[in-house]
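To keep things clear, I will list the structure first and then write my remarks on it.
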Amino acid sequence: MSSAPTREVNPALIELVQRGINGDRRALARCITLIENRAVEAPALMHQIYPHIGRAHLIGITGAPGSGKSTLTNELIKEFRKRGRKVGVVAVDPTSTLTGGAVLGDRIRMLENFGDKDVFIRSMATRGQLGGLASMTNDVARVMDAFGKEIVILETVGVGQDEVDVAKAAHTTLLVEVPGMGDDIQAIKAGVLEIADMIIINKADREGVEKLQLHLKGMLSLAPRREWQIPILRTIAVQGEGIGEVADAAEKHLVYLKNSGEYEKREKARLRDELLGRIREEVTRRVLRLETAPGGLQDTLNQLELRQLDLDQAAYALYKKSFE
Amino acid sequence: MESGSQQSTQSAAQSATSSRNIRVLIAKPGLDGHDRGAKVVTRGLRDAGMEVIYTGLHQTPDMIVEAALQEDVDAIGLSILSGAHTVLFPRIMKLLGENGMDDVLVFAGGIIPPEEVEQIKALGIQAVFGPGTTIEETARFIRQNVRPAAGLSTGGVQ
């Protein structure tokens with residue numbers, strides 16, 4: 001991203017992409033790494049795969065920690081495999097802001113699919129991506145799409161705007177709720193509920209299912225009426241119960257999107273978000289390069305501290321300087 | 001272990017800003033059910049600024065190598081207390097080789113008799129960390145020996 005993509009493409013990159021298209025899993029793994037690291041090759045990589053994307057159904061799964069997202073994902077992988085689809089999964093866990101490290105443990109619940117060469121699972125840390133986390137995971141989903149995955153599941157915890165944005169960027173967004181997780185308002189903050197295309201009540205053998213369902217119905221009835229009726233489905237993911245219905249509803253939702261013109265509308269909104277994210281990323285990167293330059297980031301911070309400049313002045317001055 | 005991981009938190013915070021994100025898979029091959037050590041290392045390396053993937057107990061060599069492949073990790077830590085390392089480690093190293101993943105740093109921990117360490121290292125496992133190793137030592141070893149940032153080339157043909 002440090003410079004506009006050059007059109008002179010490294011033959012090694014072309015080879016890597018070709019291997020990925022031919023189904024080499026190690027090539028897919030490496031392409032994801034390049035995107036995640038925002039490597040210099042990333043823009044050229046995206047350019048190479050662009051002609052091959054647009055076929056996969058992106059499914060976002062979000063919900064509170066412990067609601068069973070990974071277990072549900074595992075069951076959905078199995079279900080879609082039964083339906084003959086190739087499945088990719090991006091499972092995102094938070095990076096520690098203190099150390100930059102992360103423990104990525106979602107895979108542990110998806111081990112059953114090991115040995116199936118048409119399932120590819122990648123764990124990812126949030127990292128504080130400059131251009132937005134969703135923009136990065138979207139690119140990863142694009143690579144999976146280009147390399148033949150027909151279903152791409154994006155799983156993130158439903159706390160924090162960045163994480164929610166990942167699931168929101170999918171074609172079909174599933175919100176996972178659980179009965180008995182304390183205050184029902186707590187369980188369904190308005191912002192997260194708004195992005196859901198489907199609501200899953202997982203662990204539905206627990207006490208409080210009826211109450212939660214009633215509550216969710218009530219919340220949905222207050223939302224503006226839309227053509228797509230948001231289904232509330234019950235699952236017991238650990239036992240594989242209700243998973244077929246979830247897959248059915250997700251497929252139905254994709255059909256709805258395509259027939260209603262909503263598909264293009266969402267695609268455009270998503271591209272808009274990503275485009276603005278890329279611009280933010282590029283500007284931030286340029287400014288960060290001026291960290292120690294005279295009149296650069298550190299100098300400007302000192303001036304701010306001494307109140308010789310206010311924030312708006314400082315930001316504009318640095319922005320201008322970064323293009324000199 | 002406590003003080004070790006606290007010290008490493010500080011040095012990690014510095015290195016996290018200056019270096020790339022190192023990805024490590026911590027795996028428990030075989031049938032022993034003792035994963036306290038693996039979990040402590042997982043947590044410790046996280047605090048040292050690394051991204052650690054933990055896949056749980058009872059992993060076969062194929063599962064470990066497949067996870068390492070999909071996650072494109074820079075290093076693999078194998079924790080074993082059952083004594084089956086003489087059987088499982090060679091299998092894991094062979095599979096890594098077959099997949100062209102020779103650039104992945106492999107280290108081991110757990111209960112491995114000192115007289116077998118050389119034999120283990122001859123497989124290409126670069127370090128064996130027994131009980132008493134500090135997290136800082138492990139983290140430093142990984143940082144110093146890990147491959148350079150992942151580039152365009154990957155080995156292996158499927």
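No lab work stands behind these numbers, since they all come straight from the coordinates. Keep in mind it's a predicted model, so treat the numbers as computed, not measured. Neighbour counts run over all protein chains shown; Cβ positions are idealised from the backbone, glycine included.
Express as a percent, rounded to the nearest 5, the fraction of DSSP beta bridges in chain A (both residues included) that run antiparallel.
Numbers: 1 of 32 bridges.
Percentage antiparallel, nearest 5: 5.
On average, how much area does the Cα convex hull of the stretch A:279-324 cover when viewed from any direction, in nm²?
Details: hull surface 11.7 nm².
Result: a mean projected hull area of 2.9 nm².
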TODO: Per residue of A:115-124, count partner chain C-beta atoms within 10 Å of its C-beta, then hand back the mean as an integer.
DONE: 3
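Counting Lys and Arg as +1 and Asp and Glu as -1, each charge on the Cβ, what is the dipole of the protein assembly as shown about the Cα centre in debye, to the nearest 20? Before the final figure, lay out the partial values.
Values: 58 positive and 63 negative charges, 163 e Å.
My answer is approximately 780 debye.
For the stretch A:53-260, what does the relative contact order come out to in percent, with C-alpha contacts under 8 Å and a separation of six or more?
Details: 385 pairs, mean separation 55.4, N = 208.
Contact order relative to length: 27 percent.
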TODO: At most 16 other Cβ atoms within 10 Å and a DSSP loop assignment: could you name the trypsin sites (Lys or Arg not before Pro) in the stretch A:12-92 that fit?
DONE: A:ARG55, A:ARG83
Task: Alpha-carbon centroid distance for the pair the stretch B:15-64 / the stretch A:258-324, whole angstrom - done: 36 Å
Task: Ratio of the Cα radius of gyration of the stretch A:203-318 to 2.2 N^0.38 Å, where N counts its residues - done: 1.86
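Taking all pairs of distinct Cα atoms, average 1/r, flip it, and tell me the Kirkwood hydrodynamic radius of the protein assembly as shown in Å to one decimal place. Write down the numbers at each step before the final one.
Working: mean 1/r = 0.0418 Å⁻¹.
Result for the protein assembly as shown stands at 23.9 Å.
Can you tell me the order of A:100-106, B:61-67, B:138-144, A:294-300 when each peptide is scored by its average per-residue count of other Cβ atoms within 10 angstrom, highest first?
Averaged packing, sorted descending, gives the order A:100-106, B:61-67, B:138-144, A:294-300.
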